[in-house]
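Working notes, structure below.
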Amino acid sequence: MANHYETLGVSQDASDEEIKRAYRKLARQLHPDLNPGEDTHEKFKAVTHAYEVLSDPDKRRNYDRTGDENGAAGGFGGGGFGGFSDIFDAFFGGGGSGRPQPKSRTQPGRDGLVRVPIDLVDAVQGKEVNITVSTAVVCSLCHGSCTEGDTQPVTCETCHGSGHIQRPVRSMLGDVMTLAECPACAGYGSRLVKPCPECSGEGRVREKAEKTIKIPAGVDTGTRIQLQGEGEAGPGGGPNGDLYLEISVRNHATFERIGNDLHATLSVPMTQAALGTEVKLETFDGDQELDIQPGTQSGETLTLTGLGVPSLRGGRRGDLKVTVNVETPKNLDENQRELLEKLAEARDEQFTQGKLAQRGFMSRLRDKFRG
Ligand SMILES: [Zn+2]
Ligand SMILES: [Zn+2]
């Protein structure tokens with residue numbers, strides 16, 4: 001398949017205006033009223049599709065990046081084609097090259113999207129959550145047939161069942177005869193004599209549905225979970241769309257997630273850092289003993305292997321990394337100050353700074369030899 005830029009005859013860095021101009025020119029050339037050639041229809045379709053992708057900033061970005069025009073940037077629920085397919089349908093009567101077909105009352109249902117906030121512990125361990133979704137379900141009275149009892153729809157008198165009428169329309173391509181949706185039957189080609197009173201002839205009703213959802217361990221903010229067939233019921237007994245859950249993970253007071261690792265900071269008093277100690281740390285896997293070695297420095301990291309977040313795709317868990325923050329004592333009383341002064345004296349502690357540190361060390365060494 002030709003690349004969309006080639007189809008429109010523009011360069012990859014063409015501006016929106018250039019793309020629009022190129023499309024208008026081609027669309028005029030390829031318009032079936034002016035140019036009823038054999039492959040005109042296919043070409044027009046390709047050009048229109050290329051324009052549809054490249055004129056939408058999101059779709060174009062996604063197309064440039066992946067070459068895929070139906071990727072994530074396509075968005076939800078719309079079913080893809082927006083206003084352009086309307087023009088397209090108007091020219092060609094629904095995309096087919098034959099006679100225009102009436103719309104079916106039976107249509108697929110839309111996808112749903114629900115945001116699900118969870119705690120970090122649930123992202124680590126997985127969780128079942130209950131959600132309430134505003135959705136559409138099949139009408140319990142007509143079961144999707146849209147009519148009351150066993151009454152049948154009758155053929156529309158205005159369009160004789162085609163669902164379309166001929167109408168001159170002023171479009172961006174000039175005045176053209178187009179097929180428009182029949183206003184009398186809304187394009188269905190038939191009328192409901194007795195619409196179902198429960199759903200007003202739609203075959204479905206809106207409802208708040210409760211669902212219990214399993215959130216797998218490893219999800220992160222932005223993770224989307226697709227539940228096939230759990231979206232809205234379609235009109236006229238059409239198949240259900242899908243339901244998407246978008247996860248957002250609340251911040252935790254102690255742990256921060258980076259990739260599949262959890263990070264925490266542990267404050268250790270200076271004396272404990274110097275002497276060494278054991279600390280109990282509350283983790284998602286219960287209390288863990290942390291061995292603080294004598295002489296631990298501020299900024300040192302202890303790694304608890306496998307206590308991080310599981311990978312969504314399976315495999316090993318990330319790690320829990322604890323960074324030690326050595327706390328220097330403040331507000332010393334008289335007694336404490338004396339103790340520290342004695343300690344400083346005993347250790348002959350000096351200021352050290354960059355390279356000077358080494359010189360200080362060397363001069364102390366010399367002093368020792370002299371002494
Ligand atoms: Zn009904
Ligand atoms: Zn009609």
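Within region 333-348, track down each residue that is closer than 16 Å to MET270 by Cβ and surrounded by 10 or more Cβ atoms within 10 Å (Cβ to Cβ).
Of everything in region 333-348, those that are closer than 16 Å to MET270 by Cβ and surrounded by 10 or more Cβ atoms within 10 Å (Cβ to Cβ) turn out to be GLN336, ARG337, LEU339, LEU340, GLU341, LYS342, LEU343, ALA344.
If we keep just the residues of region 127-170 that are charged (D, E, K, R) and under 30 Å from LEU113 (Cα atoms), which is farthest from ligand 2 (Cβ to nearest atom)?
The extreme case among them is LYS127.
How many residues does region 111-122 contain that are closer than 17 Å to GLY231 by Cα and either in contact with a Ser or Thr (Cβ under 9 Å, 6 or more places away or on another chain) or within 16 Å of ligand 2 (Cβ to nearest atom) (or both)? Before you say what the answer is, go through the steps one by one.
Residues of region 111-122 that are closer than 17 Å to GLY231 by Cα, as a first pass: 111-116.
Next, from what is left, pick out any that are either in contact with a Ser or Thr (Cβ under 9 Å, 6 or more places away or on another chain) or within 16 Å of ligand 2 (Cβ to nearest atom) (or both): 112, 114-116.
Result for region 111-122: 4.
Kindly establish whether VAL137 is within 16 Å of ligand 1 (Cβ to nearest atom) and assigned to a strand (DSSP E or B).
Working: within 16 Å of ligand 1 (Cβ to nearest atom): yes; assigned to a strand (DSSP E or B): yes.
For VAL137, the condition - within 16 Å of ligand 1 (Cβ to nearest atom) and assigned to a strand (DSSP E or B) - is met.
Only residues that are out of contact with any Phe, Trp or Tyr (no Cβ under 7 Å at 6 or more places or on another chain) and crowded, with 16+ Cβ neighbours inside 10 Å: list them for region 250-262, please.
Residues satisfying the conditions are HIS252, PHE255, ARG257, ASN260, ASP261.
Take the residues in region 277-309 that are in a loop (DSSP other than H, G, I, E, B) and touching a helix residue (DSSP H, G or I) at 6+ places or on another chain (Cβ under 7 Å); name whichever of them is surrounded by the most Cβ atoms within 10 Å (Cβ to Cβ).
In this case the residue turns out to be VAL309.
Can you tell me how many residues in region 162-213 are within 12 Å of ligand 1 (Cβ to nearest atom), surrounded by 19 or more Cβ atoms within 10 Å (Cβ to Cβ) and assigned to a strand (DSSP E or B)?
Residues flagged as within 12 Å of ligand 1 (Cβ to nearest atom), surrounded by 19 or more Cβ atoms within 10 Å (Cβ to Cβ) and assigned to a strand (DSSP E or B) within region 162-213 amount to 1.
For region 119-129, does any single residue satisfy the condition of being part of a strand (DSSP E or B) and among the polar types (S, T, N, Q)? Give the derivation first.
Keep residues of region 119-129 that are part of a strand (DSSP E or B), which gives 127-129.
From what's left, among the polar types (S, T, N, Q): none.
Checked against the condition, which is being part of a strand (DSSP E or B) and among the polar types (S, T, N, Q), region 119-129 yields no hits at all.
Could you tell me whether any residue of region 70-81 is within 30 Å of the chain's Cα centre (by Cα), crowded, with 17+ Cβ neighbours inside 10 Å, more than 16 Å from ligand 1 (Cβ to nearest atom) and modelled with pLDDT of 85 or more?
There is no residue in region 70-81 that is within 30 Å of the chain's Cα centre (by Cα), crowded, with 17+ Cβ neighbours inside 10 Å, more than 16 Å from ligand 1 (Cβ to nearest atom) and modelled with pLDDT of 85 or more.
Within region 171-186, how many residues turn out to be more than 11 Å from ligand 2 (Cβ to nearest atom) and of a type in the set (D, E, K, R)?
Selection size over region 171-186: 1.
Examine region 196-203 for a residue that is out of contact with any strand residue (DSSP E or B) (no Cβ under 8 Å at 6 or more places or on another chain) and within 16 Å of ligand 2 (Cβ to nearest atom), and state whether such a residue exists.
No, the conditions are met nowhere in region 196-203.
Please find, among ILE87, ILE118, the residue that is at pLDDT 95 or above and not polar (S, T, N, Q). So that I can check it myself, show each step before the final result.
Working: ILE87 fails: at pLDDT 95 or above.
From the options ILE87, ILE118, the qualifying one is ILE118.
Working carefully through the options GLN125, GLN107, find the one that is away from ligand 1 (no atom under 16 Å from the Cβ) and either closer than 30 Å to ARG224 by Cβ or modelled with pLDDT under 95 (or both).
Working: GLN107 fails: away from ligand 1 (no atom under 16 Å from the Cβ).
Step by step, each of GLN125, GLN107 is checked, and only GLN125 is away from ligand 1 (no atom under 16 Å from the Cβ) and either closer than 30 Å to ARG224 by Cβ or modelled with pLDDT under 95 (or both).
The values are calculated or read from the model by the stated rules, or taken from the named source; none is laboratory data. In this text the structure is predicted, and so the values were computed from the model without any measurement. Cβ coordinates were reconstructed from backbone atoms using ideal geometry, including for glycine residues, and neighbour counts include every protein chain displayed.
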